[in-house]
1. If you line up the long axis of helix 81-97 against the longest principal axis of the chain, both from Cα atoms, how many degrees apart are they, to the nearest 10?
2. Rounded to whole Å and sorted largest first, what semi-axes of the equivalent ellipsoid does the C-alpha gyration tensor of the chain yield via the square root of 5 times each eigenvalue?
3. Please compute the contact order of the chain in relative form: average sequence separation of alpha-carbon pairs under 8 Å and at least six residues apart, divided by the residue count, as a percent.
């Protein structure tokens, strides 16, 4: 059984406001995403530091947005953000409840 789904590539990236990006895709669509509500947990939580968040760039190989700490999002998730936003919010709430001990 072969399963297929569209593969999207991020082509443009623009900072609109703090934590808000306009992301363009290779199918000529775009999403405006306010990321702050989903920035939680050990990988995405550090992006609450606006200096780190603003270091976002397009990875030339993966064709998605990436940050220096290794955080990234699947291009399909970004492309179809309205379908995924509630799940990401729920996950961020769960991550915020987890206490990490070092």
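1. 20 degrees
2. Square roots of five times the eigenvalues give 23, 17, 13 Å.
3. That works out to 25 percent.
Laboratory data are not the source of any read-out in this text; all were calculated from the coordinates shown. All figures in this text were calculated on a predicted structure; none of them were measured in a lab.
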